[in-house]
Amino acid sequence: MAAVPEADDCGERTCVDGVDLEALARRLGTPLHVYSASRLRRRAAELRAALAGLDALVCYAVKANPNVAVLALMADEGFGADIVSAGELRRSLCAGIASSRIVFSGVGKTADEIAEALAAGIGRFNVESRDELDLLQRVARDRGQVAHASVRVNPDVDAGTHAKIATGKAENKFGVEPNEAWQWFAEHAHRPNVVLDGLHVHIGSQVLELAPFARAFERIAVLARDLLAAGHAIACIDAGGGLGVRYRESHDVPVDVGDYARTLRHALRGFGGRLIVEPGRWLVAEAGVLLTRVIRVKHGARRRFLVLDAAMNDLQRPSLYDAWHAIEPLHGRERERVVYDVVGPVCETGDTFARARELPRCEEGDLVMIETTGAYGASMASTYNSRPLAAEAMVERGRYAVVRRRQHFDEMLAGEQPAGDWQVA
Ligand SMILES: *Cc1c(COP(=O)(O)O)cnc(C)c1O
């Protein structure tokens, strides 16, 4: 693919992918999630280049950003999807992702979800418990199908990330111990409708060091070698996602994707099967900004509050994980610098994007962008405080497309009604 020119330099204006954010805000209103297609494509190309020569499939982790336009772009890049619900399955199929390139992860798959995924013909289930494995066997047998499955192994590795997004420690709910994986392989004859021929590992999210990946991959590689030596088939190793991104300049130093791929190649040298990787955040986070307008500046007794029209319902990461996001007013950079607590209108103290952040002085009506919001931004949005879901736009080389229009109030209310129709259960 040719390098995509990306005109972020618009002179006085602030542009993303050649689109002036001020003009975009005037047209589409705020709060507005903006995704750069060029940046998404560049990440996809970088990952593909890093994995070149391997029999590798990229299954984009849908939960990071499930907008159908993002999924369609991933499909266009030849990627599959890592899903964790029937809803994500439907989105992926709608967006044109081939069902054979879909893998299904998560500890709580229900019988209905498994049946739906089997009916769609997905490529593989990443199984997280014996109970789930038995359920997969029953549902597949009832449907007269054979399911391909990988064991999600918990490698007991500390990913060095925020506790709420670490998944690879023995105390976490994810995966099973290697001993249990051995038992499942040994019992394969009891489950004729499940071809158990893969290993899966995913240690957590926003991982900024290579060492935890290396430890997890080595553990999986050793397990794969031992299982193969014992006569079991291992057709597929899924290395999960978790690659971190730079939220904060000179503070977060992400792993280089080339080094990540080299670590993977080194750990899996000699393995002849298929490799799957499931990045979410790394592909989409840095492609997104949340565009928002200043409602007012409130001077409290002790602090000065910059009240934005975006809130924790539009971007939950700061309130959920104490996450740091760069906040950048679109104009007035020559103005004096002032310290603000940057907050939304939601009635929660946790509705705070930043505390004591120094910014150029802001006034009512100013536009502000919150950066690196392409992952776990809109995907975690809610209508808390009865705030409609924000609009989402994709931009590419000077043009924009609305990829989710702002939610209408009647849509928010749809399905609700006063309790008039009382029934006996
Ligand atoms: C969330 C998740 C991912 C993606 O994680 P990122 O940190 O966004 O790359 C991949 N695989 C599984 C099983 C997940 O749960």
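Nothing in this text is a laboratory measurement; each read-out follows from the coordinates by a stated rule. Note that the structure is predicted; figures quoted are calculated from it, not measured. A quick note on method: Cβ atoms are made from the backbone with ideal geometry, for glycine too, and the neighbour counts reach across all protein chains shown.
Overall, the anisotropy analysis places the chain in the prolate class: the square-rooted eigenvalues a ≥ b ≥ c of its C-alpha gyration tensor yield a/c not less than 1.5, with a/b exceeding b/c.
Go ahead and set up a Gaussian network model of the chain, Cα springs under 10 Å, then flag whichever of Ala111, Ala159, Ala37 fluctuates most. Between Ala111, Ala159, Ala37, it is Ala111 that shows the largest mean-square fluctuation. Semi-axes of the equivalent ellipsoid of segment 105-279 are 29, 18, 14 Å, computed as sqrt(5λ) over the eigenvalues of the C-alpha gyration tensor in descending order. Going from the residue with the fewest nearby Cβ atoms within 10 Å to the one with the most, Asp158, Asp131, Asp421 rank Asp421, Asp131, Asp158. A straight line joining the Cα centroids of segment 135-158 and segment 44-93 runs 21 Å. Of all DSSP-defined beta bridges confined to segment 105-279, some 5% are antiparallel rather than parallel. Amide H contacts of Thr14 (H built 1.01 Å from N, in plane; Pro and chain starts excluded): Leu21, Glu22 sit under 5 Å, all sequence-distant by 5 or more or on other chains. Starting from the Kirkwood Rh over alpha-carbon pairs, what translational D in µm² s⁻¹ does segment 373-425 have by Stokes-Einstein at 10 °C and 1.306 mPa s? This corresponds to a translational diffusion coefficient of 114 µm²/s. Under 5 Å from the amide H of Val338 lie the amide H atoms of Leu359, Arg361, each residue being 5 or more positions distant or on a separate chain, with H modelled from the backbone and absent for Pro and chain starts.
Residue by residue, segment 404-415 carries 3J(HN,Hα) couplings of 7, 7, 4, 5, 8, 4, 5, 5, 5, 7, 4, x Hz when phi is fed to the Karplus relation 6.51 cos²θ - 1.76 cosθ + 1.60 (θ = phi - 60°); x denotes Gly or Pro.
Where a ≥ b ≥ c are the square roots of the eigenvalues of the C-alpha gyration tensor, would you call segment 296-419 rounded, which needs a/c under 1.5, or, failing that, prolate if a/b is larger than b/c, or oblate? Judged from the Cα gyration tensor, segment 296-419 comes out oblate (a/c at least 1.5, b/c at or above a/b).
Over segment 170-272, what is the relative contact order in percent, taking alpha-carbon pairs closer than 8 angstrom and at least six residues apart?
The normalised contact order for segment 170-272 reaches 32 percent.
Under the simplified labelling scheme, the Lys298-Asn385 pair shows an inter-label distance of 0.9 nm, with each label point 7 Å from Cα along Cα→Cβ. Placing dummy labels 7 Å off each Cα toward the beta-carbon, the span from Ala425 to Asp76 is 4.7 nm. Structure remark: mean-square fluctuation, Gaussian network model of the chain, C-alpha springs under 10 Å; the largest value among Val338, Val70, Val289 belongs to Val338. Normalising the average separation of contacting C-alpha pairs (under 8 angstrom, six or more residues apart) by the number of residues puts the relative contact order of the chain at 19 percent.
Can you give the relative contact order of segment 277-342 as a percent, counting alpha carbon pairs under 8 Å and 6+ residues apart? Show your work: numbers first, answer last.
Working: 43 pairs, mean separation 18.4, N = 66.
After rounding, I find 28 percent.
The order of Ser92, Ser386, going from fewest to most other C-beta atoms within 10 Å of their C-beta, is Ser386, Ser92.
Each of Ser100, Ser319, Ser205 was scored by other Cβ atoms within 10 Å of its Cβ. Listed from fewest to most, they are Ser100, Ser319, Ser205. Structure remark: mean-square fluctuation, Gaussian network model of the chain, C-alpha springs under 10 Å; the largest value among Asp20, Asp55, Asp314 belongs to Asp55. Spit out the partnerless Cys residues in the chain, using Cβ distances under 4.7 Å as the pairing rule. Cys59, Cys94, Cys236, Cys347, Cys362 - these cysteines have no disulfide-compatible partner (Cβ-Cβ under 4.7 Å) in the chain. Estimated purely from DSSP H runs of n ≥ 4, each contributing -39500 (n - 2.57), the mean residue ellipticity at 222 nm for the chain is -8000 deg cm²/dmol once divided by its residues. Computed from phi, the 3J(HN,Hα) profile of segment 219-235 under the Karplus parametrisation 6.51, -1.76, 1.60 (θ = phi - 60°) reads 4, 5, 5, 5, 4, 4, 4, 5, 5, 4, 4, 7, x, 8, 8, 10, 8 Hz, with x in place of Gly and Pro. Remark on Met312: its backbone amide H falls under 5 Å from those of Gly344, Val346, a criterion applied only to residues 5 or more positions apart or on other chains, H modelled at 1.01 Å from N.
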